[in-house]
Amino acid sequence: MMSVPSLLRRRALSLLTAVVTAAGLATVPSTASADVPTLVVVRDLLLRDNIHVTSSHDEDSPASWLNEILLSGTKGGLTARSYLKFDMSYLPEGVIRAATLRLTGLGAPACGPAVGEGVQVRRVTEPWSGDFLHWGNKPDSTDEDAQIATKGVTTQCAVYPDQVEWPITDIVNAWAGGADNHGLVLQSPDESTDDGLWAFSSWGNPAGAIPVLTVTMDVPSAPYTRASSIASHEDGADTWVAGLTPRIQSQVVDAAGGSLTAEFEVEHDPAAPGQGSGQIWTATSAPASSFGRPSVLVPAGLLEDGWRIRWRVRAHNVTAGTVSGWSAWNSGTVAADVPQISARQVVPSWESEGSTVSMSLTPELRATVTHPLLDSTRVVFQMAYDPDAPLQGTGLIWEKTVLDVPSGGQAVVTVPDGLVDGGLQVRWRVGAYGGPFQSGWSDWQKLTLDM
(Lines give C-alpha, C1' and ligand atoms only; values in the text may rest on other atoms or scores of the structure.)
Protein backbone atom coordinates (compact mmCIF):
# COMPACT_ATOMS: atom_id res chain seq x y z
CA MET A 1 0.00 0.00 0.00
CA MET A 2 1.36 3.43 -0.90
CA SER A 3 1.83 5.70 2.12
CA VAL A 4 -0.21 8.87 2.47
CA PRO A 5 2.81 11.18 2.35
CA SER A 6 4.12 9.72 -0.92
CA LEU A 7 0.69 9.81 -2.51
CA LEU A 8 0.06 13.34 -1.38
CA ARG A 9 3.34 14.52 -2.82
CA ARG A 10 2.01 13.39 -6.18
CA ARG A 11 -1.57 14.53 -5.89
CA ALA A 12 -1.78 17.47 -3.53
CA LEU A 13 0.89 19.98 -4.49
CA SER A 14 -0.52 23.39 -3.79
CA LEU A 15 2.30 25.62 -2.76
CA LEU A 16 4.34 28.62 -3.72
CA THR A 17 3.52 32.26 -4.00
CA ALA A 18 -0.09 33.17 -4.64
CA VAL A 19 0.10 36.91 -3.99
CA VAL A 20 3.06 39.28 -3.74
CA THR A 21 2.52 42.95 -2.93
CA ALA A 22 4.73 45.75 -1.71
CA ALA A 23 4.78 46.41 2.01
CA GLY A 24 6.36 48.78 4.44
CA LEU A 25 9.18 47.89 6.77
CA ALA A 26 8.46 45.18 9.29
CA THR A 27 10.25 43.53 12.17
CA VAL A 28 12.43 40.82 10.71
CA PRO A 29 14.51 38.05 12.28
CA SER A 30 17.82 39.00 13.83
CA THR A 31 19.64 37.47 10.86
CA ALA A 32 18.35 40.29 8.66
CA SER A 33 19.14 43.97 8.91
CA ALA A 34 16.34 46.09 10.34
CA ASP A 35 16.40 48.41 7.30
CA VAL A 36 16.01 45.66 4.68
CA PRO A 37 12.82 46.23 2.64
CA THR A 38 10.23 43.52 3.02
CA LEU A 39 7.44 42.24 0.79
CA VAL A 40 4.22 40.52 1.72
CA VAL A 41 4.30 36.88 0.62
CA VAL A 42 1.21 34.65 0.69
CA ARG A 43 1.76 30.91 0.38
CA ASP A 44 -0.41 27.83 0.50
CA LEU A 45 1.51 25.13 2.32
CA LEU A 46 1.93 21.60 1.00
CA LEU A 47 -0.51 19.15 2.59
CA ARG A 48 1.49 16.11 3.71
CA ASP A 49 -1.16 13.99 5.45
CA ASN A 50 -4.83 13.98 6.42
CA ILE A 51 -7.06 11.30 7.93
CA HIS A 52 -9.97 10.97 10.31
CA VAL A 53 -10.16 8.45 13.16
CA THR A 54 -13.23 7.50 15.20
CA SER A 55 -13.78 5.77 18.51
CA SER A 56 -14.78 2.65 16.54
CA HIS A 57 -11.29 2.27 15.03
CA ASP A 58 -8.99 -0.17 16.83
CA GLU A 59 -5.84 -2.16 16.05
CA ASP A 60 -7.79 -4.68 14.03
CA SER A 61 -9.68 -2.03 12.13
CA PRO A 62 -7.55 1.14 11.89
CA ALA A 63 -8.54 4.37 10.17
CA SER A 64 -8.22 4.54 6.38
CA TRP A 65 -6.48 7.41 4.62
CA LEU A 66 -8.51 6.60 1.49
CA ASN A 67 -11.61 8.37 2.80
CA GLU A 68 -12.85 11.30 0.75
CA ILE A 69 -14.08 13.11 3.86
CA LEU A 70 -12.77 14.20 7.23
CA LEU A 71 -15.13 13.74 10.19
CA SER A 72 -15.08 15.65 13.47
CA GLY A 73 -17.48 15.80 16.42
CA THR A 74 -19.68 13.40 18.38
CA LYS A 75 -22.96 11.69 17.52
CA GLY A 76 -24.80 8.68 18.92
CA GLY A 77 -21.85 7.57 21.02
CA LEU A 78 -19.37 7.89 18.12
CA THR A 79 -16.51 10.38 18.49
CA ALA A 80 -14.44 11.50 15.49
CA ARG A 81 -11.28 13.51 15.07
CA SER A 82 -9.46 14.58 11.91
CA TYR A 83 -5.70 15.00 11.71
CA LEU A 84 -3.84 17.14 9.19
CA LYS A 85 -0.15 17.79 8.63
CA PHE A 86 1.34 20.62 6.53
CA ASP A 87 4.93 21.16 5.42
CA MET A 88 6.49 24.31 6.88
CA SER A 89 9.90 23.76 5.29
CA TYR A 90 9.02 25.76 2.17
CA LEU A 91 8.33 28.97 4.08
CA PRO A 92 11.03 31.62 3.65
CA GLU A 93 12.65 33.43 6.53
CA GLY A 94 10.46 36.28 7.70
CA VAL A 95 7.71 37.34 10.07
CA ILE A 96 4.36 35.52 10.01
CA ARG A 97 1.49 37.99 9.83
CA ALA A 98 -1.41 35.58 9.59
CA ALA A 99 -2.24 31.94 9.03
CA THR A 100 -5.66 30.60 8.07
CA LEU A 101 -6.81 27.00 7.80
CA ARG A 102 -9.56 26.51 5.19
CA LEU A 103 -11.62 23.37 4.68
CA THR A 104 -14.57 22.73 2.42
CA GLY A 105 -17.59 21.80 4.48
CA LEU A 106 -19.64 18.90 3.14
CA GLY A 107 -22.00 18.38 6.04
CA ALA A 108 -22.87 19.60 9.55
CA PRO A 109 -25.61 19.11 12.17
CA ALA A 110 -27.34 22.20 10.76
CA CYS A 111 -26.89 25.26 8.56
CA GLY A 112 -25.91 28.76 9.49
CA PRO A 113 -22.97 30.77 10.83
CA ALA A 114 -23.25 29.30 14.34
CA VAL A 115 -24.14 25.64 14.90
CA GLY A 116 -23.73 24.09 18.32
CA GLU A 117 -20.26 24.03 19.80
CA GLY A 118 -18.61 23.89 16.40
CA VAL A 119 -15.24 22.32 15.57
CA GLN A 120 -12.03 23.15 17.39
CA VAL A 121 -8.58 23.15 15.77
CA ARG A 122 -5.75 22.27 18.13
CA ARG A 123 -1.98 21.85 17.80
CA VAL A 124 -0.91 18.19 17.93
CA THR A 125 1.99 17.54 20.32
CA GLU A 126 2.96 13.95 19.44
CA PRO A 127 4.05 12.17 16.25
CA TRP A 128 1.51 10.15 14.27
CA SER A 129 1.20 8.36 10.96
CA GLY A 130 -1.79 7.89 8.70
CA ASP A 131 -0.52 4.43 7.76
CA PHE A 132 -1.71 2.93 11.07
CA LEU A 133 -3.89 5.17 13.20
CA HIS A 134 -6.68 4.12 15.54
CA TRP A 135 -8.38 5.44 18.63
CA GLY A 136 -5.89 3.70 20.90
CA ASN A 137 -2.77 5.36 19.47
CA LYS A 138 -4.14 8.77 18.49
CA PRO A 139 -1.68 11.54 19.43
CA ASP A 140 -2.16 14.11 22.17
CA SER A 141 -2.80 17.78 21.47
CA THR A 142 -2.95 21.07 23.36
CA ASP A 143 -5.72 23.61 23.61
CA GLU A 144 -3.14 26.41 23.73
CA ASP A 145 -3.97 28.85 20.88
CA ALA A 146 -6.84 26.56 19.81
CA GLN A 147 -9.55 28.06 17.59
CA ILE A 148 -13.23 27.16 17.10
CA ALA A 149 -15.38 27.55 13.96
CA THR A 150 -19.12 27.07 14.33
CA LYS A 151 -20.18 27.50 10.71
CA GLY A 152 -22.58 24.76 9.64
CA VAL A 153 -23.35 23.43 6.18
CA THR A 154 -25.50 20.59 4.86
CA THR A 155 -26.85 19.54 1.48
CA GLN A 156 -30.04 21.50 2.22
CA CYS A 157 -28.19 24.80 2.65
CA ALA A 158 -28.45 27.52 0.05
CA VAL A 159 -24.66 27.48 -0.44
CA TYR A 160 -23.09 24.07 -0.86
CA PRO A 161 -20.29 23.23 -0.50
CA ASP A 162 -18.93 26.09 1.56
CA GLN A 163 -15.64 27.15 3.15
CA VAL A 164 -14.96 26.94 6.87
CA GLU A 165 -12.02 28.90 8.27
CA TRP A 166 -9.92 28.93 11.43
CA PRO A 167 -7.39 31.72 12.19
CA ILE A 168 -4.40 29.78 13.53
CA THR A 169 -1.63 32.40 13.38
CA ASP A 170 -0.44 31.66 16.93
CA ILE A 171 -0.18 27.92 16.22
CA VAL A 172 1.91 28.46 13.08
CA ASN A 173 4.07 30.97 14.96
CA ALA A 174 4.62 28.31 17.62
CA TRP A 175 5.96 25.98 14.94
CA ALA A 176 8.12 28.75 13.50
CA GLY A 177 9.40 29.43 17.01
CA GLY A 178 10.66 25.87 17.44
CA ALA A 179 7.67 23.79 18.53
CA ASP A 180 7.58 20.39 16.80
CA ASN A 181 5.22 20.42 13.84
CA HIS A 182 3.05 17.34 14.37
CA GLY A 183 0.14 18.95 12.57
CA LEU A 184 -3.40 19.83 13.59
CA VAL A 185 -6.45 18.03 14.91
CA LEU A 186 -10.09 18.94 14.31
CA GLN A 187 -12.38 17.78 17.11
CA SER A 188 -15.38 18.68 19.19
CA PRO A 189 -14.57 21.31 21.85
CA ASP A 190 -16.32 19.01 24.35
CA GLU A 191 -16.41 15.39 23.30
CA SER A 192 -18.71 14.49 26.22
CA THR A 193 -21.62 16.16 24.43
CA ASP A 194 -23.63 14.71 21.56
CA ASP A 195 -23.29 17.81 19.39
CA GLY A 196 -23.27 16.11 15.98
CA LEU A 197 -20.75 15.42 13.25
CA TRP A 198 -19.10 17.79 10.79
CA ALA A 199 -17.77 16.49 7.45
CA PHE A 200 -15.07 18.20 5.39
CA SER A 201 -13.44 17.42 2.07
CA SER A 202 -10.14 15.52 2.29
CA TRP A 203 -7.24 15.34 -0.18
CA GLY A 204 -8.92 12.31 -1.80
CA ASN A 205 -12.18 14.04 -2.67
CA PRO A 206 -12.78 13.93 -6.45
CA ALA A 207 -13.75 17.61 -6.39
CA GLY A 208 -10.15 18.38 -5.46
CA ALA A 209 -11.12 20.70 -2.60
CA ILE A 210 -8.22 19.73 -0.36
CA PRO A 211 -7.55 21.38 3.02
CA VAL A 212 -5.46 24.52 2.66
CA LEU A 213 -3.23 26.32 5.15
CA THR A 214 -2.47 29.84 3.90
CA VAL A 215 0.36 31.77 5.54
CA THR A 216 0.90 35.52 5.05
CA MET A 217 4.41 36.78 5.84
CA ASP A 218 6.66 39.82 5.76
CA VAL A 219 9.78 38.54 3.97
CA PRO A 220 13.01 40.57 3.63
CA SER A 221 14.07 41.02 0.01
CA ALA A 222 17.39 39.36 -0.84
CA PRO A 223 17.64 38.84 -4.62
CA TYR A 224 20.34 36.66 -6.15
CA THR A 225 21.22 34.96 -9.42
CA ARG A 226 22.07 31.39 -10.26
CA ALA A 227 22.55 29.14 -13.28
CA SER A 228 23.83 31.96 -15.50
CA SER A 229 24.70 30.85 -19.03
CA ILE A 230 25.61 32.01 -22.53
CA ALA A 231 25.36 30.13 -25.83
CA SER A 232 28.74 28.40 -25.85
CA HIS A 233 30.66 25.19 -26.41
CA GLU A 234 33.09 23.64 -23.95
CA ASP A 235 36.21 22.11 -25.50
CA GLY A 236 38.43 20.91 -22.66
CA ALA A 237 39.54 24.00 -20.77
CA ASP A 238 38.36 26.31 -23.54
CA THR A 239 34.94 27.95 -23.81
CA TRP A 240 33.78 29.10 -27.24
CA VAL A 241 31.01 31.71 -27.30
CA ALA A 242 28.60 30.92 -30.11
CA GLY A 243 28.43 33.69 -32.66
CA LEU A 244 28.72 37.47 -32.59
CA THR A 245 25.27 38.02 -31.04
CA PRO A 246 25.01 35.42 -28.25
CA ARG A 247 22.11 35.25 -25.83
CA ILE A 248 22.93 35.51 -22.11
CA GLN A 249 20.48 34.34 -19.46
CA SER A 250 20.34 33.80 -15.73
CA GLN A 251 17.86 32.63 -13.15
CA VAL A 252 16.80 35.37 -10.73
CA VAL A 253 15.52 34.41 -7.29
CA ASP A 254 14.14 36.22 -4.26
CA ALA A 255 12.26 34.50 -1.46
CA ALA A 256 10.26 37.71 -1.06
CA GLY A 257 8.94 37.42 -4.62
CA GLY A 258 8.26 40.61 -6.51
CA SER A 259 9.27 41.68 -10.01
CA LEU A 260 12.91 40.91 -10.81
CA THR A 261 15.28 41.85 -13.61
CA ALA A 262 18.76 40.66 -14.50
CA GLU A 263 21.52 43.17 -15.27
CA PHE A 264 24.24 41.78 -17.56
CA GLU A 265 27.70 43.16 -18.26
CA VAL A 266 30.16 42.11 -20.97
CA GLU A 267 33.73 43.37 -21.12
CA HIS A 268 37.14 42.60 -22.62
CA ASP A 269 38.97 39.82 -20.79
CA PRO A 270 42.06 41.27 -19.05
CA ALA A 271 43.82 38.02 -20.03
CA ALA A 272 43.94 39.36 -23.63
CA PRO A 273 45.02 43.02 -23.19
CA GLY A 274 45.88 43.49 -26.86
CA GLN A 275 42.22 43.19 -27.86
CA GLY A 276 40.95 46.08 -25.78
CA SER A 277 39.95 46.78 -22.20
CA GLY A 278 36.94 47.69 -20.13
CA GLN A 279 33.23 47.37 -20.70
CA ILE A 280 31.89 46.39 -24.12
CA TRP A 281 28.16 46.38 -23.36
CA THR A 282 25.62 46.24 -20.55
CA ALA A 283 21.86 45.68 -20.53
CA THR A 284 19.00 44.91 -18.18
CA SER A 285 16.40 42.28 -19.00
CA ALA A 286 12.64 42.59 -19.01
CA PRO A 287 11.00 41.87 -15.62
CA ALA A 288 10.41 38.29 -14.53
CA SER A 289 9.02 36.58 -11.47
CA SER A 290 11.19 34.87 -8.88
CA PHE A 291 12.81 31.71 -10.32
CA GLY A 292 12.31 33.15 -13.80
CA ARG A 293 15.09 33.01 -16.41
CA PRO A 294 15.36 36.43 -18.08
CA SER A 295 17.78 36.87 -20.95
CA VAL A 296 19.27 39.49 -23.26
CA LEU A 297 20.78 39.30 -26.75
CA VAL A 298 24.13 40.97 -27.37
CA PRO A 299 23.55 43.38 -30.29
CA ALA A 300 25.35 43.01 -33.60
CA GLY A 301 28.47 45.07 -34.22
CA LEU A 302 29.92 44.88 -30.72
CA LEU A 303 31.88 41.62 -30.70
CA GLU A 304 34.56 40.38 -33.07
CA ASP A 305 35.62 36.89 -34.00
CA GLY A 306 38.42 35.61 -31.76
CA TRP A 307 37.92 38.14 -28.96
CA ARG A 308 38.38 36.96 -25.40
CA ILE A 309 35.45 38.33 -23.39
CA ARG A 310 34.00 37.87 -19.93
CA TRP A 311 30.50 38.42 -18.57
CA ARG A 312 28.64 38.61 -15.26
CA VAL A 313 25.15 39.30 -13.92
CA ARG A 314 23.30 40.64 -10.90
CA ALA A 315 19.64 40.62 -9.88
CA HIS A 316 17.39 43.60 -9.16
CA ASN A 317 14.11 43.33 -7.26
CA VAL A 318 12.19 46.17 -8.84
CA THR A 319 9.30 45.86 -6.40
CA ALA A 320 11.47 46.08 -3.28
CA GLY A 321 14.21 48.30 -4.71
CA THR A 322 16.97 45.85 -3.78
CA VAL A 323 19.92 44.53 -5.77
CA SER A 324 22.28 41.59 -5.41
CA GLY A 325 26.04 41.60 -5.72
CA TRP A 326 27.65 40.75 -9.05
CA SER A 327 28.19 37.12 -9.92
CA ALA A 328 31.69 35.83 -10.59
CA TRP A 329 33.11 36.55 -14.04
CA ASN A 330 32.79 33.90 -16.75
CA SER A 331 35.04 34.07 -19.78
CA GLY A 332 35.26 32.63 -23.29
CA THR A 333 36.44 33.20 -26.84
CA VAL A 334 34.03 34.53 -29.44
CA ALA A 335 33.62 32.13 -32.37
CA ALA A 336 31.85 33.75 -35.30
CA ASP A 337 32.11 30.61 -37.40
CA VAL A 338 29.14 28.27 -37.39
CA PRO A 339 28.40 25.17 -39.47
CA GLN A 340 28.57 25.91 -43.18
CA ILE A 341 26.21 24.16 -45.61
CA SER A 342 27.32 23.68 -49.19
CA ALA A 343 26.96 21.42 -52.24
CA ARG A 344 23.24 20.78 -51.93
CA GLN A 345 22.12 18.20 -54.46
CA VAL A 346 19.12 16.16 -55.55
CA VAL A 347 20.07 12.81 -57.10
CA PRO A 348 18.89 12.04 -59.75
CA SER A 349 17.83 15.45 -61.10
CA TRP A 350 18.46 18.22 -63.62
CA GLU A 351 17.90 21.97 -63.67
CA SER A 352 15.01 23.47 -65.63
CA GLU A 353 14.06 27.16 -65.61
CA GLY A 354 15.42 27.87 -62.13
CA SER A 355 13.93 24.77 -60.58
CA THR A 356 15.29 21.32 -59.91
CA VAL A 357 13.42 18.42 -61.53
CA SER A 358 13.74 14.79 -60.51
CA MET A 359 12.35 11.88 -62.49
CA SER A 360 12.14 9.90 -59.23
CA LEU A 361 9.60 10.19 -56.43
CA THR A 362 12.25 8.93 -53.98
CA PRO A 363 15.39 10.94 -54.81
CA GLU A 364 18.33 11.45 -52.47
CA LEU A 365 18.81 14.89 -50.87
CA ARG A 366 22.45 15.65 -50.16
CA ALA A 367 24.36 18.44 -48.40
CA THR A 368 27.97 18.95 -47.29
CA VAL A 369 28.42 20.41 -43.79
CA THR A 370 31.64 21.88 -42.39
CA HIS A 371 32.22 23.01 -38.79
CA PRO A 372 35.39 24.89 -37.81
CA LEU A 373 35.35 23.77 -34.16
CA LEU A 374 33.53 20.47 -33.90
CA ASP A 375 34.28 17.05 -35.34
CA SER A 376 30.67 16.26 -36.20
CA THR A 377 27.27 17.91 -36.52
CA ARG A 378 23.58 17.07 -36.64
CA VAL A 379 21.94 17.81 -39.99
CA VAL A 380 18.19 18.30 -40.52
CA PHE A 381 16.43 18.11 -43.90
CA GLN A 382 12.93 19.56 -44.42
CA MET A 383 10.54 19.24 -47.37
CA ALA A 384 7.42 21.42 -47.71
CA TYR A 385 4.77 22.25 -50.27
CA ASP A 386 5.79 25.01 -52.70
CA PRO A 387 3.79 28.17 -51.83
CA ASP A 388 3.79 29.03 -55.56
CA ALA A 389 1.51 26.00 -56.09
CA PRO A 390 -1.01 26.46 -53.24
CA LEU A 391 -3.62 24.14 -54.71
CA GLN A 392 -1.33 21.15 -54.15
CA GLY A 393 -1.09 21.71 -50.40
CA THR A 394 0.54 23.89 -47.75
CA GLY A 395 2.99 23.44 -44.91
CA LEU A 396 5.65 20.90 -44.00
CA ILE A 397 5.54 17.48 -45.69
CA TRP A 398 8.52 15.67 -44.20
CA GLU A 399 11.54 16.12 -41.93
CA LYS A 400 14.57 13.88 -41.42
CA THR A 401 17.57 14.23 -39.09
CA VAL A 402 21.03 12.76 -39.73
CA LEU A 403 23.23 12.43 -36.64
CA ASP A 404 27.03 12.60 -36.31
CA VAL A 405 27.87 13.91 -39.77
CA PRO A 406 31.69 14.42 -39.85
CA SER A 407 32.83 17.98 -40.44
CA GLY A 408 33.39 18.30 -44.18
CA GLY A 409 31.30 15.22 -44.81
CA GLN A 410 28.12 14.74 -46.75
CA ALA A 411 24.69 14.12 -45.18
CA VAL A 412 22.33 12.05 -47.34
CA VAL A 413 18.62 11.23 -46.93
CA THR A 414 16.17 9.49 -49.24
CA VAL A 415 12.62 10.73 -49.73
CA PRO A 416 10.39 7.87 -48.50
CA ASP A 417 8.46 5.79 -51.00
CA GLY A 418 4.78 6.77 -51.16
CA LEU A 419 5.32 10.17 -49.56
CA VAL A 420 4.40 12.26 -52.62
CA ASP A 421 2.61 11.93 -55.94
CA GLY A 422 4.09 12.53 -59.37
CA GLY A 423 4.06 16.12 -60.61
CA LEU A 424 4.19 17.61 -57.13
CA GLN A 425 6.00 20.93 -56.68
CA VAL A 426 7.86 21.12 -53.35
CA ARG A 427 10.77 22.94 -51.79
CA TRP A 428 13.52 21.72 -49.43
CA ARG A 429 16.13 23.12 -47.09
CA VAL A 430 18.88 22.04 -44.68
CA GLY A 431 19.94 23.10 -41.16
CA ALA A 432 23.09 22.05 -39.28
CA TYR A 433 23.65 21.96 -35.53
CA GLY A 434 26.68 21.25 -33.35
CA GLY A 435 26.75 21.94 -29.62
CA PRO A 436 25.16 25.39 -29.19
CA PHE A 437 26.28 26.39 -32.70
CA GLN A 438 23.81 26.26 -35.55
CA SER A 439 23.94 27.28 -39.18
CA GLY A 440 20.40 28.46 -39.40
CA TRP A 441 18.32 27.18 -42.27
CA SER A 442 19.61 27.30 -45.82
CA ASP A 443 17.48 29.00 -48.45
CA TRP A 444 14.54 27.02 -49.75
CA GLN A 445 15.28 25.24 -53.01
CA LYS A 446 12.45 24.39 -55.41
CA LEU A 447 12.02 20.79 -56.54
CA THR A 448 9.55 19.12 -58.91
CA LEU A 449 9.02 15.40 -58.38
CA ASP A 450 7.81 13.74 -61.57
CA MET A 451 7.74 10.30 -63.15
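Just a few scattered comments:
- Strands (runs of 3 or more DSSP E) wholly inside region 176-223 that include at least 3 residues being closer than 18 Å to Thr154 by Cα and of a type in the set (Gly, Ala, Ser): 196-201
- Subset of region 341-355 (residues that are open to solvent by less than 30 Å² (accessible area, probe 1.4 Å) and closer than 13 Å to Arg429 by Cα): Val346
- Meets criteria (touching a residue at least 24 places away in the same chain (Cβ under 8 Å), exposed (fewer than 14 other Cβ atoms within 10 Å of the Cβ) and closer than 26 Å to Thr239 by Cβ) for Leu374: no
- Unmet criterion (only one of (1) at pLDDT below 90; (2) open to solvent by less than 20 Å² (accessible area, probe 1.4 Å); (3) within 22 Å of the chain's Cα centre (by Cα)) for Ala227: (2)
- Residues within region 230-242 that are open to solvent by 10 Å² or more (accessible area, probe 1.4 Å) and either not in a strand (DSSP E or B) or not acidic (Asp, Glu) (or both), tallied: 9
- Lone qualifier among Ser30, Ser6, Ser56 - being modelled with pLDDT of 95 or more and either in a helix (DSSP H, G or I) or polar (S, T, N, Q) (or both): Ser56
- Residue list for region 262-273, filter: without any contact (Cβ under 8 Å) to a residue 60 or more places away in the chain and surrounded by fewer than 20 Cβ atoms within 10 Å (Cβ to Cβ): Glu267, His268, Pro270, Ala272, Pro273
- Selection of first residues in region 393-405 that are surrounded by fewer than 12 Cβ atoms within 10 Å (Cβ to Cβ) and of second residues that are aliphatic (A, V, I, L, M), restricted to Cβ pairs under 6 Å at least 6 apart or on distinct chains, gives the following pairs, ordered by first then second residue: Leu396/Ala384.
- Region 153-162, subset part of a loop (DSSP other than H, G, I, E, B) and surrounded by 15 or more Cβ atoms within 10 Å (Cβ to Cβ), residue modelled with the highest pLDDT: Val153
- Test for Ser89: is it more than 30 Å from Val219 (Cα to Cα), surrounded by fewer than 23 Cβ atoms within 10 Å (Cβ to Cβ) and under 32 Å from the mean Cα position of the chain (by Cα): no
- Counted residues, region 129-152 - those being among the hydroxyl-bearing types (Ser, Thr, Tyr), assigned to a strand (DSSP E or B) and surrounded by fewer than 21 Cβ atoms within 10 Å (Cβ to Cβ): 1
- Out of Gly274, Gly258, Gly306, sole residue that is at positive phi and more than 20 Å from the chain's Cα centre (by Cα): Gly306
- Residues (in contact (Cβ under 8 Å) with a residue 24 or more places away in the chain and either touching a helix residue (DSSP H, G or I) at 6+ places or on another chain (Cβ under 9 Å) or among the aromatic types (Phe, Trp, Tyr) (or both)) located in region 274-295: Phe291
- Of all residues in region 92-128, those satisfying the criterion of being open to solvent by 30 Å² or more (accessible area, probe 1.4 Å) and assigned to a loop (DSSP other than H, G, I, E, B) are Glu93, Pro109, Ala110, Cys111, Pro113, Ala114, Gly116, Glu117, Thr125, Glu126, Pro127.
The values are calculated or read from the model by the stated rules, or taken from the named source; none is laboratory data. Owing to the predicted nature of the structure, the values given are computational and were not obtained by experimental measurement. Counting neighbours? That spans all protein chains shown, and the Cβs are built from the backbone with ideal geometry, glycine included. Please note that ligands, DNA and RNA were not included when accessible areas were found on the heavy atoms of the full protein model with its side chains. Shrake-Rupley method; radii C 1.70, N 1.55, O 1.52, S 1.80 Å.
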